[in-house]
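Accompanying notes for the structure given below.
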Amino acid sequence: MRIARFSIDGNVAFGAVEGDPTSGPGGPGSLDGLVVDIIKGVPFADFELSGTKVPLGGSGSVRLLPPVLPSKVVAIGRNYAAHAAELGNEVPDAPWAFFKPSTSVIGPGDSIVYPSFSHEVHHEAELAVVIGRLCREVPRERVKDVILGYTCANDVTARDTQRSEKQWARAKGFDSSCPLGPWIETGIDLAGAADLAITATVNGELRQAGRTGQMIHSIEDLVVNVSEAMTLLPGDVILTGTPAGVGPLTPGDEVAVTIEGIGTLTNKVISRG
Ligand code: MG
């Protein structure tokens, strides 16, 4: 099931997306032809579909929002060897985690606002793990039970700031630096999530292309490692690292992260107004 969060006529709801986003009349990534069946309640507990369906694409009043509002986004650095190498970095022995604040999260179609302090903002396409239940010290065999599903993420990074400041709070935590979406795919198991194509395009030009199977530390490793240190809440997100091919974004660009079996997350880059 694809679970979206959206606004309609001033109300916010979750819903199950129906239709094939890869073959709709608007082409891959388009919402045209998709409908969403409104969920009664929230997807972090047992829920029912209401049967009330509204169109997602076209000129309707439905607007997709970030699929979750995480209390925290825990992101993993240097989890693909080829990406570590392209920036001249060693691969760490253990997962290397940092935070992106809740205020960095934006949804599909929202704008990435170029920060005032940077002249070198990069895209980083990443698989995002969405946590479904409160958990801590999750044993490896229980990891599958605490994951609600997966979505696309862009770990937008002020690369010059990342180089010049020891902590990455500003470089990777500025407002709008964490696009998430377009929805949460709940129908992928751990083995499936470990074998997905992941790409980033800028203005339609391919920049990043990898597979989640190239991760150094697996999804299980990451959930075990992060939950060893901190309680994870429903809706929290773990970003699993980016494959090679990161590169610059400039105002006016449109960046799209596509993950096989999940969907496409598209955002425009704008200057600070
Ligand atoms: Mg990253």
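The values are calculated or read from the model by the stated rules, or taken from the named source; none is laboratory data. This one's a predicted model, so the numbers in the text were calculated from it and none came from an experiment. Glycine also receives a Cβ, built like all others from the backbone with ideal geometry; neighbour counts cover every protein chain displayed.
Conditions (1) farther than 18 Å from Cys135 by Cβ; (2) in contact with a Phe, Trp or Tyr (Cβ under 8 Å, 6 or more places away or on another chain); (3) outside the structural domain of Glu86 (by TED's automatic domain parsing), marked per residue:
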| site | (1), (2), (3) |
| --- | --- |
| Ala194 | yes, no, no |
| Thr201 | yes, no, no |
| Glu205 | yes, no, no |
| Gln208 | yes, no, no |
| Arg211 | yes, no, no |
| Gln214 | yes, yes, no |
| Glu220 | no, no, no |
| Val224 | no, no, no |
| Glu228 | no, no, no |
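For the stretch 104-118, the criterion of being of a type in the set (Asp, Glu), in a loop (DSSP other than H, G, I, E, B) and within 28 Å of Glu165 (Cβ to Cβ) is met by at least one residue. If you take the residues of the stretch 109-149 that are under 12 Å from Asp236 (Cα atoms) and within 16 Å of the ligand (Cβ to nearest atom), which of them is farthest from the chain's Cα centre (by Cα)? Restricting to residues being under 12 Å from Asp236 (Cα atoms) and within 16 Å of the ligand (Cβ to nearest atom), the top hit is Val129.
Scanning the stretch 238-262 for residues that are more than 16 Å from the ligand (Cβ to nearest atom) and not in a strand (DSSP E or B), we see that the one that is surrounded by the fewest Cβ atoms within 10 Å (Cβ to Cβ) is Gly252.
In the stretch 80-91, the qualifying residues are those that are out of contact with any helix residue (DSSP H, G or I) (no Cβ under 8 Å at 6 or more places or on another chain) and free of Cβ contacts under 8 Å to residues at least 60 places away in the same chain, and the one that is surrounded by the fewest Cβ atoms within 10 Å (Cβ to Cβ) is Gly88. Since Ala82 meets every condition but one in (1) in a helix (DSSP H, G or I); (2) outside the structural domain of Ile131 (by TED's automatic domain parsing), which condition does it not meet? Against the list (1) in a helix (DSSP H, G or I); (2) outside the structural domain of Ile131 (by TED's automatic domain parsing), Ala82 comes up short only on (2).
The set of residues in the stretch 47-79 being assigned to a loop (DSSP other than H, G, I, E, B) and surrounded by fewer than 16 Cβ atoms within 10 Å (Cβ to Cβ) consists of Phe47, Gly58, Ser59, Gly60, Ser61, Leu69, Ser71. Trp183 fulfils the conditions (1) more than 16 Å from the ligand (Cβ to nearest atom); (2) over 28 Å from Asp253 (Cα atoms) except for a single criterion, (2).
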